[in-house]
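The values are calculated or read from the model by the stated rules, or taken from the named source; none is laboratory data. Note that the structure is a prediction, hence the values are computed from the model and not measured. Neighbour counts are summed over all protein chains in view; Cβ atoms, including those assigned to glycine, are modelled from backbone coordinates with ideal geometry. Surface accessibility is based on the protein's heavy atoms, side chains included, excluding ligands, DNA and RNA. Shrake-Rupley method; radii C 1.70, N 1.55, O 1.52, S 1.80 Å.
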Amino acid sequence: MLYDISVPMSARTPEWPGDQRFDCGWTCRLDRGDSVNLAAVTTSLHVGTHADAPLHVHEGWPASESLTVSAFVGPCVVLSLPSTPTQAQEVDTSMLAALLEAQGHRDIPARMLLRTGRSVAAGVFPDDWPTLSADAATWLVSQGLVLWGVDAPSVDTRHSKTLDVHHALLGRGAYVLENLNLRAVTPGLYELLAAPLSIEGADAAPVRALLRAGGVPH
């Protein structure tokens, strides 16, 4: 069974406050006598589900064409926080260990997705959301993590200026998925199919993210 865990790029999808919203216009229309309908879009690449490139947080780091497809395809584990917080909560190593132990995992999976319940998938931009601590992010990468994904708009808190979690992950060779829709997905093992679009020179890339039930972590 396949689960589509993407938030679409849409005029109805909340953009990060102050960012470029999604807009779809037309350069050719059949109803105007053209031979085809031809659309053109204007958008931030952070609207909907996307992968951040290292360039997003550090000048001179690799751009979106550097995103390694193999990191976004393969076995993964979906975790869920036990409750939906109303404000930011720091997820530290002990909380991560407890969530993994509850699913019977002794090793750190290469790909992990966290359901916080604070997602734009419902059509509203959340006030804030739980995030990893920077120490936890660093520890995860040291234990073999290659991809960290969240249903929230960012792996850092809404009001972070230093983006420590981004730096801890992207600066150590791991990758980031944001704005996932995990509302219909239960915690467990899956196969992730979430290759970013090939866009050259940008700070992020849109993703159509899918989960296939029955993945085995390695």
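Say whether the condition of being part of a loop (DSSP other than H, G, I, E, B), touching a helix residue (DSSP H, G or I) at 6+ places or on another chain (Cβ under 7 Å) and either within 20 Å of A209 (Cβ to Cβ) or among the small types (G, A, S) (or both) is met by at least one residue in segment 127-150. Within segment 127-150, one or more residues are part of a loop (DSSP other than H, G, I, E, B), touching a helix residue (DSSP H, G or I) at 6+ places or on another chain (Cβ under 7 Å) and either within 20 Å of A209 (Cβ to Cβ) or among the small types (G, A, S) (or both).
Yes or no: segment 99-106 includes at least one residue that is crowded, with 18+ Cβ neighbours inside 10 Å and in a strand (DSSP E or B). No, every residue in segment 99-106 fails to be crowded, with 18+ Cβ neighbours inside 10 Å and in a strand (DSSP E or B). Counting the residues of segment 38-64 that are of a type in the set (D, E) and surrounded by 15 or more Cβ atoms within 10 Å (Cβ to Cβ) gives 1. A single entry from T157, T138, T131 fulfils the requirement of being closer than 16 Å to V57 by Cβ and free of Cβ contacts under 8 Å to residues at least 40 places away in the same chain: T138. Among the residues of segment 191-218, those that are in a loop (DSSP other than H, G, I, E, B), open to solvent by less than 30 Å² (accessible area, probe 1.4 Å) and under 17 Å from P75 (Cβ atoms) comprise A194, A209, G215. Quick check on segment 107-120: of everything there that is in contact with a Leu (Cβ under 9 Å, 6 or more places away or on another chain) and in a loop (DSSP other than H, G, I, E, B), which residue is most open to solvent (accessible area, probe 1.4 Å)? Only one residue fits best here, namely D107.
Considering only segment 59-69, how many residues are touching a residue at least 40 places away in the same chain (Cβ under 8 Å) and under 18 Å from the mean Cα position of the chain (by Cα)?
Qualifying residue count for the region: 6.
Among the residues of segment 157-186, which ones are open to solvent by 10 Å² or more (accessible area, probe 1.4 Å) and under 12 Å from the mean Cα position of the chain (by Cα)? Across segment 157-186, the qualifying residues are Y175, N181.
List the residue pairs whose Cβ atoms are under 6 Å apart, where the first residue sits in segment 163-190 and is touching a residue at least 40 places away in the same chain (Cβ under 8 Å) and more than 17 Å from F72 (Cα to Cα), the second is acidic (D, E) and open to solvent by less than 30 Å² (accessible area, probe 1.4 Å), and the two are 6 or more positions apart or on different chains. Close Cβ pairs (under 6 Å, with a partner that is acidic (D, E) and open to solvent by less than 30 Å² (accessible area, probe 1.4 Å)) amount to L163/D156.
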